[in-house]
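Data block below; observations after.
The values are calculated or read from the model by the stated rules, or taken from the named source; none is laboratory data. Owing to the predicted nature of the structure, the values given are computational and were not obtained by experimental measurement. Cβ coordinates were reconstructed from backbone atoms using ideal geometry, including for glycine residues, and neighbour counts include every protein chain displayed. Only protein heavy atoms, including side chains, enter the accessible area calculation; ligands, DNA and RNA are left aside. Shrake-Rupley method; radii C 1.70, N 1.55, O 1.52, S 1.80 Å.
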Amino acid sequence: MSAMPATDLPSLEARLAGSKAPAIEARRFLKELYDAHAAAFRNGADVRELVRARAEAMDTVLSILWNGYRFARSGDIALLAVGGYGRGELHPHSDIDLLILTRDGIREEWQEELTIFVTALWDLRLDIGHSVRSMQECRDTGREDVTILTNMLETRLIAGPEQLREQLTEAVYDEDVSSDREYFIAKREEQRQRHAKYGGTEYNLEPNIKASPGGLRDIQTIGWITKRHFGLESMTDLLRSNILNQEEYDLLYEGETFLWRLRYGLQLVAARNENRLLFDHQRALADLLGYEDERRRLGVETMMQAYYRTVLGLAELTDLILEYYEEAILNADLEDVIRPLNKRFQIRNDYIEAVNTQVFAFAPYAIMEIFVLMAQNPGLKGIRASTIRALRAHRHLIDDAFRNNLAVTTLFMELFRTPHALDESLSFMKKYNVLGRYLPEFGQIIGQMQYDLFHIYTVDTHTLRVIQNMVQLKSEQARTRFPLASRLIHRLPKPELLYVAGLYHDIGKGRGGDHSELGAIDAEAFCRRHHLSERDTQLISWLVENHLLMSMTAQRKDISDPDIIHAFARGIPSQVHLDYLYVLTVCDISATNPTLWNTWRASLLRQLYIEAKRALRRGSEKRVDRNEWIRATQSEAREILREQGLTDEQINDVWDMLDDEYFLQDSTVDIAWQTAAIIRHGENPDPLVLIRDTKGGPTDGFSHLVIYMKDRTALFAATTAVLEQLNLNIVDARINSGIQGSYSISSYVVVDEQGQPLGKDPARKERVRQRLVEELDDPEDYPEIIHRRTPRQLKHFAFPTEVTFSNDTVNQRTLMEVITPDRPGLLARVGQVFVDHRIRLTNAKIATLGERVEDVFFITTEEGDPISDPKVCAALQHDLCKMLDETQ
C-alpha cells in the first residue's frame with residue numbers, strides 16, 4: 001500500500017498570510033492537495049487516511065481564513081463542520097457543510113466581514129454549503145426538521161470557542177428537541193422511503209453508493225441512532241459496548257472501507273460530487289481500481305459483483321442492528337406478548353424468535369423451518385435480532401449433509417407449496433445468506449451483473465422478481481396487466497413447478513456455454529434431490545431449457561406464417577407445457593426491465609400462444625397448408641370488402657399485384673382496410689399514406705402506418721430516414737414489394753418519442769402523412785433524404801454489431817439478423833447499406849430489447865433470388881458493421 005503524501009499544514013498559514021488574495025492561494029493549495037491525494041489513491045494509499053487528511057487540510061484552510069477577521073476574536077461566534085465533514089470525512093468532491101453558530105444572533109458589526117468571509121468561501125470553488133444560526137434557532141429548526149437535527153449531531157469545531165459547540169450538542173440531545181423514540185421512528189421512516197425510491201433492492205445496475213439499500217447512508221443511520229440514544233461516538237464503540245461482535249464489526253468496517261474506495265474513485269473518474277455508479281463511469285472505475293477482464297467475465301462485472309455482495313451483507317447487518325435498536329428504544333417499556341409455535345419457535349410482539357440461541361445447533365433443519373413458519377404466519381413483522389444473530393452463527397451447518405437431509409428438502413418444497421408471497425420468503429433467505437448456501441448454484445449468481453442493454457437487475461434479483469410476478473398473477477391487479485397469464489396460473493396443476501422453473505431459468509448464467517442447458521441440468525439435480533416425480537422433473541427441466549423459446553419465436557420470427565407456428569408447436573410436448581411456458585415467459589420478460597413489457601409484446605405472445613394451442617389441438621403432423629391459409633385469408637377479407645360495395649374485379653386488380661407473403665402477414669381487417677384505400681386512391685401518382693391508431697391485436701396502443709406506391713430502389717432507406725427525422729420510433733416493419741416489384745406496400749408500427757400513438761395529436765398525424773407524401777414522391781430526392789441526420793440522444797452502451805445470414809429455402813430468400821445497440825436512425829442506416837449493395841428487402845422483424853436491437857431482415861437480390869454468393873454476404877456484413885459501429 002502506498003504511503004500518504006506529506007502535507008505541510010504549518011507552512012500553509014504563512015503562505016496564505018503573505019498572499020494578497022488568500023482565498024485564491026488557498027484554492028491553489030487545495031488543487032495541489034487534490035492532485036497529490038489522487039495520485040496516492042491510484043498507487044494504493046489507504047482511503048481512510050486520504051479522506052481524513054482532506055478533512056484535516058480543509059479545517060486548516062477554513063480556520064486560517066476565519067481567523068483573519070475581527071469577529072473571530074469574539075466568544076459568541078464559532079465556525080463548525082457538520083454532516084459528513086463534521087465526522088471528519090471528505091472525499092474528493094464531497095459537500096463541505098458549515099454552520100456559523102452564534103450565541104444570540106448576528107451582531108451588526110459582524111455583518112460586513114461575514115459577507116466577505118462567505119464570498120471567500122465561494123472563491124474556493126468548492127461545494128460549500130453554509131448556514132448561520134443562533135443557539136435558539138438551532139433548537140427550533142432541529143425540532144422541526146430531523147435532517148437538520150441529524151446534521152447537528154455530528155459537529156467539529158473549526159474555529160471559535162469550543163464551549164459554543166458543547167452547548168449546541170447539549171441542545172440537540174435535549175428531549176425537548178426530539179425524544180429518542182421520535183428520532184428513531186423518523187430515521188427508520190426516512191430509510192424506508194429512501195429504499196423505496198431505489199426499488200427496495202441493493203441490486204439496481206446503476207446503484208447509488210450512498211443512498212441505495214446497504215449503502216453508506218444505512219451505515220450512517222446506524223451511527224446517528226447510536227449517537228443519539230446510546231451516546232456512542234464511533235464504530236468501535238459498538239464493539240466495546242457488545243452491540244456488535246467482532247465478526248459483525250469487521251464486516252461493517254471492511255464494507256464501509258470498500259464503499260469508500262468506490263466512492264473516492266468514482267468522484268475522481270466523474271470529476272464531480274457523484275455517488276451514482278452510472279454505466280458511463282463503471283468501466284473507468286473498474287480500471288482505476290485494478291479489476292481486469294477475464295475469459296468469462298469483464299473486470300467491471302467482477303467489481304460490481306463485489307459491490308452487490310458487500311451491500312447485501314451490510315443490508316443484513318444494518319437490519320440486525322436496527323431490529324436490536326427497535327427492541328431497545330421502542331419496545332423497552334412494552335409488555336411482551338408471546339405465542340408459541342412449536343418446541344423450537346415462538347412469536348414475541350409480532351416477531352418470530354427461537355426459544356433459545358442453541359435451537360439451530362441442536363436441530364439444524366430449523367434453519368429452513370423458520371422460513372416456512374414465516375410463510376405460514378403472514379402477519380409477522382420479521383425475525384428478532386437475537387434469532388438473526390443465532391442464525392448467522394450457525395449458517396456454517398448448511399453443508400452437503402444438510403442439503404440432502406430429507407427433513408430439510410421436505411421443508412423447502414413445503415415453502416414452495418404454501419400459498420404466500422414466496423418471493424419475500426426467498427428474499428429473506430437470500431438476505432440472511434441461507435438461500436445461496438443451501439443452493440450453491442444460486443449463490444454463484446448473487447450479485448452477478450448482466451452488463452447488457454435490457455436487464456436492469458442482477459441475475460439473482462431478476463430471478464426473484466420473476467417469482468414475484470408469478471405470485472402476483474393471482475391478484476386482482478394482474479387481470480388487467482396480464483389477462484391471459486392470470487387465467488392460466490389458476491389452471492396450472494402444480495404452481496410450485498412453475499416457481500422452481502423460475503428459480504432455475506437463469507441460474508446457469510456467467511459460467512460460459514448455454515445458460516439454458518446448464519440451468520436445465522441443475523434443475524434436474526434439484527428435482528431429484530427434492531424427490532419430485534419423474535414427470536415433474538422432466539417438465540421443470542424442459543421449461544428451464546426452453547424458457548427463451550416462446551419470446552424468441554414471437555419477437556424474431558413471423559408468427560403469422562403457418563410454417564413458423566407448426567415448427568414452434570412441434571417443439572411443445574403438450575398443452576400443459578405450453579401453459580407453463582407462456583406464464584414463465586410473461587413473468588420473465590416483465591421482470592427483466594419494466595419498459596420491455598408493453599401491449600406490443602403482450603399481443604405477440606398471446607397470438608403465438610393461441611395459434612400454437614390450435615396447432616396442438618390439430619396434432620403436430622396436421623400442419624396448416626400454406627395455400628389453404630392464403631385462400632381462407634383472402635376469402636374473409638373479400639367478404640369485408642364486398643360489404644363495403646367493392647367488386648371482385650376491383651379487389652383482384654389490387655391483389656394480383658401482390659405476392660402471397662402479403663396475405664400471411666396481416667389480419668383480414670388490415671388487408672381489407674388497405675385494399676379499400678388503394679382502390680379509392682385509383683390512378684393517383686402520389687404515394688398513398690394511411691395512418692391509424694389500433695385497438696386490439698398485436699398493434700394495440702400503437703400507430704399503424706402504411707405506404708402504398710410504385711416500388712423504388714432505396715424506398716425503405718428513405719422511408720425510415722424520414723420517420724427518424726420526424727422523431728418516430730419504429731417497433732415493427734413489414735415490407736411487401738409485390739410481384740416483379742411493380743408496387744410496394746410498406747407497413748410500419750410506430751410510436752412518438754414519448755411512446756404514444758399519433759392519434760393523441762391529430763394535427764401531428766396529418767403533418768406526418770403530408771411529410772411522407774412530399775418526401776417519397778420523387779426518388780431523385782432519396783439520396784439527400786437518406787444522408788440527412790437528426791441529432792438525438794445516443795445511449796451509453798456500445799458493443800460490436802453482429803450480422804449473421806441464413807437462407808430460407810421454402811420462401812426463396814435470405815434471412816439476415818442484426819444485433820446492435822439501439823440508436824436513432826438505425827433502420828435508415830441499414831437501408832442505406834442495402835441501397836449501396838443493391839439489396840431488395842421483402843420483410844423485416846424489428847425487436848428492440850431495452851437498448852439492444854435484434855432485427856431480422858428478409859432480403860433478396862434485385863432479381864428476387866436468395867443471396868448465395870458468400871463474398872456478397874461478407875461484403876454486406878462488413879459494411880453494415882462499419883456503418884453501425886461508427887455511429888455508436
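Which ranges mark the strands (runs of 3 or more DSSP E) fully within region 96-197 that have 3 or more residues being among the small types (G, A, S)?
Counting at least 3 such residues, we get 128-134.
When region 198-241 is examined, which residues are found to be of a type in the set (D, E, K, R), outside any helix (DSSP H, G or I) and more than 25 Å from L426 (Cα to Cα)? Please lay out each step first, then the result.
At the first step, the residues of region 198-241 found to be of a type in the set (D, E, K, R) are 202, 206, 210, 217-218, 227-228, 233, 237, 240.
After this cut, where a residue has to be outside any helix (DSSP H, G or I) as well, the list is 202, 206, 210, 233.
The answer is K210, E233.
State which residue pairs qualify: first residue over 16 Å from A271 (Cβ atoms) and inside region 17-40, second residue small (G, A, S) and not in a helix (DSSP H, G or I) in any location, beta carbons under 6 Å apart, and separation of 6 or more residues or different chains.
Qualifying pairs under 6 Å: E25/S19; A40/S2.
Would you point out the residue of region 861-888, among those that are over 39 Å from the mean Cα position of the chain (by Cα) and surrounded by 16 or more Cβ atoms within 10 Å (Cβ to Cβ), that is farthest from S746 (Cα to Cα)?
Here the answer is V872.
Give I445, I467, I489 a once-over and let me know the one that is among the β-branched types (V, I, T) and more than 30 Å from E323 (Cα to Cα). Walk me through how you get there before you give the answer.
Working: I445 fails: more than 30 Å from E323 (Cα to Cα); I467 fails: more than 30 Å from E323 (Cα to Cα).
Just a single option satisfies the conditions, and that option is I489.
Determine which member of the set I679, I745, I707 is at pLDDT 85 or above and not in a strand (DSSP E or B).
I679
Could you name every one of the helices (runs of 4 or more DSSP H) located completely within region 499-566 that has at least 1 residues being at pLDDT below 95 and aliphatic (A, V, I, L, M)?
Working: elements: 515-529, 534-545, 549-556.
Where helices (runs of 4 or more DSSP H) fall fully within region 499-566 and carry at least 1 residues being at pLDDT below 95 and aliphatic (A, V, I, L, M), they are 534-545, 549-556.
Find the residue count for region 584-604, including only residues that are of a type outside the set (G, A, S), assigned to a helix (DSSP H, G or I) and in contact (Cβ under 8 Å) with a residue 60 or more places away in the chain.
Counting residues in region 584-604 that are of a type outside the set (G, A, S), assigned to a helix (DSSP H, G or I) and in contact (Cβ under 8 Å) with a residue 60 or more places away in the chain gives 8.
If I filter region 242-258 down to residues being outside any helix (DSSP H, G or I) and either touching a helix residue (DSSP H, G or I) at 6+ places or on another chain (Cβ under 7 Å) or of a type in the set (V, I, T) (or both), which single residue comes out as modelled with the highest pLDDT?
By that ranking, first place goes to L244.
Do you know which of the residues in region 544-583 that are surrounded by fewer than 18 Cβ atoms within 10 Å (Cβ to Cβ), of a type outside the set (A, V, I, L, M) and free of Cβ contacts under 8 Å to residues at least 60 places away in the same chain is farthest from H505 (Cα to Cα)?
It comes out as R570.
In region 36-68, how many residues are in a loop (DSSP other than H, G, I, E, B) and open to solvent by 40 Å² or more (accessible area, probe 1.4 Å)? Can you show your working first?
Applying the first criterion (in a loop (DSSP other than H, G, I, E, B)) to region 36-68 yields 43-46, 67-68.
So of that shortlist, the ones also open to solvent by 40 Å² or more (accessible area, probe 1.4 Å) come out as 43, 46, 67-68.
Summing the residues that are in a loop (DSSP other than H, G, I, E, B) and open to solvent by 40 Å² or more (accessible area, probe 1.4 Å) in region 36-68 gives 4.
Of all helices (runs of 4 or more DSSP H) completely enclosed by region 259-364, which ones contain at least 1 residues that are touching a Gly at 6+ places or on another chain (Cβ under 8 Å) and either touching a residue at least 12 places away in the same chain (Cβ under 8 Å) or among the aromatic types (F, W, Y) (or both)?
It comes to 279-288, 299-329.
Of the residues in region 666-676, how many are in a helix (DSSP H, G or I) and open to solvent by 10 Å² or more (accessible area, probe 1.4 Å)? Explain how you work it out, then say what you get.
As a first pass, look at region 666-676 and keep what is in a helix (DSSP H, G or I): 668-676.
Next cut, open to solvent by 10 Å² or more (accessible area, probe 1.4 Å) only: 668-670, 673.
Result for region 666-676: 4.
Mind listing just one residue for me: the one in region 411-453 that is small (G, A, S) and in a loop (DSSP other than H, G, I, E, B) and, of those, surrounded by the fewest Cβ atoms within 10 Å (Cβ to Cβ)?
Going through the qualifying residues, I end up with A421.
Which ones in region 119-174 are among the β-branched types (V, I, T), open to solvent by 30 Å² or more (accessible area, probe 1.4 Å) and within 22 Å of F230 (Cβ to Cβ)? Explain how you work it out, then say what you get.
So the first thing to find is which residues in region 119-174 are among the β-branched types (V, I, T), and the list is 119, 128, 132, 141, 146-148, 150, 155, 158, 169, 172.
If we keep only those that are open to solvent by 30 Å² or more (accessible area, probe 1.4 Å) too, we end up with 119, 128, 132, 141, 146-148, 169.
The answer is V146, T147, I148, T169.
Looking at region 90-118 only, could you name the residues that are open to solvent by 70 Å² or more (accessible area, probe 1.4 Å) and more than 28 Å from A171 (Cα to Cα)?
Those that are open to solvent by 70 Å² or more (accessible area, probe 1.4 Å) and more than 28 Å from A171 (Cα to Cα): E112, I116.
Counting just the residues of region 625-676 that are of a type in the set (S, T, Y) and closer than 28 Å to R813 by Cα, which one comes out modelled with the lowest pLDDT?
Within region 625-676, the first condition is being of a type in the set (S, T, Y), and the residues that meet it are 633, 635, 647, 662, 667-668, 675.
Next, from what is left, pick out any that are closer than 28 Å to R813 by Cα: 633, 635, 662, 667-668, 675.
Numbers: T633: 82, S635: 90, Y662: 80, S667: 70, T668: 81, T675: 94.
Taking the candidates together, the pick is S667.
What's the number of the condition I77 fails, among (1) free of Cβ contacts under 8 Å to residues at least 60 places away in the same chain; (2) within 26 Å of S131 (Cβ to Cβ); (3) touching a helix residue (DSSP H, G or I) at 6+ places or on another chain (Cβ under 8 Å); (4) not acidic (D, E)?
Every listed condition holds for I77 apart from (1).
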